[in-house]
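Beneath this line is the structure, given in structure tokens, with notes to follow.
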Amino acid sequence: MKALITFSFIGLGVMFLYWVWIAWFPSFFSGLAQDEALLVGTGFFLSFEMVILAGVILSEMKKKP
């Protein structure tokens, strides 16, 4: 049960981080149109999240005998 609560809070944290990233990304890349900036920002965030997820999975696999 503790793991479920922990991962739920991690999921909420990632959701909040995504919300902030998408809100600020178009202002960082003001040369892009709004829809293009949202598309590129989502791609950047998802690639970042996939790298983190792969690192977590690999570290958990190395812990187990």
Item checked: segment 5-22 - phi-based ³J(HN,Hα) in whole Hz, Karplus 6.51/-1.76/1.60, Gly and Pro as x -> 5, 4, 5, 5, 5, 5, x, 5, x, 5, 4, 5, 4, 5, 4, 5, 4, 5
Checklist line | Loop-located chymotrypsin sites (Phe, Trp or Tyr not before Pro) in the chain whose Cβ has at most 14 other Cβ within 10 Å (DSSP) | finding: PHE29
Item checked: Candidate lysines - alpha carbon under 20 Å from LYS2, same-chain residues fewer than 8 apart omitted -> LYS63, LYS64
Check: With every protein chain left in place, what is the accessible area per residue of the chain in square angstrom, probe 1.4 Å?
Finding: 86
Margin query: Using 0.36 nm times the number of residues separating PHE48 and MET15, minus their current alpha carbon distance, what extension gain do you get?
Written below: 10.5 nm
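The values are calculated or read from the model by the stated rules, or taken from the named source; none is laboratory data. Predicted model, so just to flag it, every value in this text is computed and none were measured. Glycine also receives a Cβ, built like all others from the backbone with ideal geometry; neighbour counts cover every protein chain displayed. For accessibility, only protein heavy atoms count, side chains too; no ligands or nucleic acids. Shrake-Rupley method; radii C 1.70, N 1.55, O 1.52, S 1.80 Å.
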